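Working notes, structure below.
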Ligand SMILES: Cc1cc2nc3c(=O)[nH]c(=O)nc-3n(C[C@H](O)[C@H](O)[C@H](O)COP(=O)(O)OP(=O)(O)OC[C@H]3O[C@@H](n4cnc5c(N)ncnc54)[C@H](O)[C@@H]3O)c2cc1C
């Protein structure tokens, strides 16, 4: 392995490889990406690929719109089809307070020219007749939302980064970050050392333990989310959107011939990657409640992955005041996949130009937690 680099990236998930690619595009010098296992083996391989513009904060909407540009031209830029399916996202409200939040969200989203519609119950039941409607007060739908393939997008970034000269190593766990007088000096693996003035933490759910290597407390906790897939099931001849039953924190969408059902999100942090019967039962009950015909469906398989959650469910991005050269790209909750193109671009701008120019990321700095400047969302019931 190389002994020196301009930038070392810790973590070969979608965030690390996007940063590597964008740094290389900006000719940032020798870039080294170190992954402890295999590329994408963390949250990225367990992600369900959702891409939406229907966010409730300006910063997340800006990240989505910027990232969408990459998803739309992905094939031309990377030579790989990202399998982006614009099936739309349908959010369903069952309480008056949810309706108020949805109305505020739509007003905000329309400011960004997002083609989101506010729908009443009869419009919803006409378009998606398989949904149980007796408790639905309304919903929002954006036809431009959808989902893409995490492994396709990962492969695109990896191929692009390698083509631009990034050195990528698998099976290389960073065990120590070297620093002196408040400045990054490099990293150590079990048997090698690399000196570098800039180290990027792209460790996903492991962000906090990587921060500890250099004495920085990063408030990112791993929370397990389980996902279940039904055996082949024909629900409708029409395109099925990704439907979010907001109150229940539950969603479903098509997955090849079957349906993908979200299971619960744990409330206690852990690195547990098992699926369990209770979660499968909960996912099935939510499914049969909202889509009664699914009582005829059968769960075929499932998996679990880790969300990386911060206290305000927004990412932690950028420099760390106490350690020069240590850059954070962490805490993406359940939307790090869809925001990975923008994150890569912004972190590359920050490292090479000294500032993220495309989007102002100062509100996502780690200092907000100490200052109490948390980003408030109108309602946090649903965390994709
Ligand atoms: C069930 C589930 C569904 C999801 N659905 C969506 C969705 O629909 N849409 C969406 O946008 N997002 C979704 N997400 C979130 C998304 O998967 C993550 O936000 C995203 O994958 C984070 O990427 P990452 O690169 O930061 O982390 P990871 O993919 O976890 O990558 C981090 C990498 O760092 C490596 N690493 C850690 N420590 C070290 C070390 N010391 N040395 C070297 N390497 C190290 C790990 O092995 C890992 O490969 C979902 C997540 C889950 C769990």
Nearest-ten-degree value, helix 96-111 long axis tilted from longest Cα axis of the chain: 60
The chain: calculated mean residue ellipticity at 222 nm from DSSP helix runs of at least 4, using -39500 (n - 2.57): -9000 deg cm²/dmol
Kirkwood Rh and Cα Rg combined as Rg/Rh, the chain: 0.98
For segment 85-190, average projected area of the Cα convex hull in nm²: 12.8
Simple spin-label estimate for residue 176 and residue 193 in nanometres, 7 Å along Cα-Cβ: 0.7
Measure of compaction for segment 1-78 (Cα Rg per 2.2 N^0.38 Å): 1.28
Debye log10 I(q)/I(0) for segment 255-309, one point scatterer per Cα, at q = 0.19, 0.23 Å⁻¹: -0.72, -0.96
Fully extended contour minus Cα-Cα distance, from residue 183 to residue 301, at 0.36 nm per residue: 37.8 nm
Å³ per residue enclosed by the Cα convex hull of segment 164-320: 174
FRET E, pair residue 169, residue 374, Förster distance 41 Å, beta-carbon r, rounded to 0.05: 0.65
Percent RCO, i.e. relative contact order, over segment 71-136, from Cα pairs under 8 Å lying at least 6 residues apart: 24
Fewest-first ranking of 233, 78, using other Cβ atoms within 10 Å as the exposure measure: 233, 78
For the chain, built as a Gaussian network whose Cα springs stay under 10 Å, the top-fluctuating residue of 261, 39, 273: 273
Neighbour-count order for 262, 365, 43, 209, fewest beta carbons within 10 angstrom listed first: 209, 365, 43, 262
Most to least packed among 114-123, 219-228 [average Cβ atoms within 10 Å]: 219-228, 114-123
Cα Rg, Dmax, segment 283-331, angstrom units: 20.0, 58
Rounded Å value of the spacing that divides the Cα centres of segment 74-108 and segment 1-64: 22
Between helix 277-290 and the chain: long-axis angle, C-alpha atoms, 0 to 90°, nearest 10: 50
The chain - share of DSSP beta bridges that are antiparallel (%, nearest 5): 70
Per-residue Cβ neighbour rank within 10 angstrom, fewest leading, 277, 21: 277, 21
Using alpha-carbon coordinates, inclination of helix 58-72 to the longest axis of the chain, degrees: 90
Equivalent ellipsoid, segment 233-346 (semi-axes from 5 times Cα gyration tensor eigenvalues, Å): 34, 17, 12
Gain in span if fully extended, residue 324 to residue 97, counting 0.36 nm per residue against the direct Cα distance: 77.3 nm
Prolate/oblate/rounded label for segment 294-381 (Cα gyration tensor, a/c 1.5): prolate
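Values in this text are rule-based calculations from the coordinates and carry no lab data. As the structure is a prediction and not an experimental result, all values here were calculated from the model. Cβ atoms come from the backbone with ideal geometry, glycine included; neighbour counts cover every protein chain shown.
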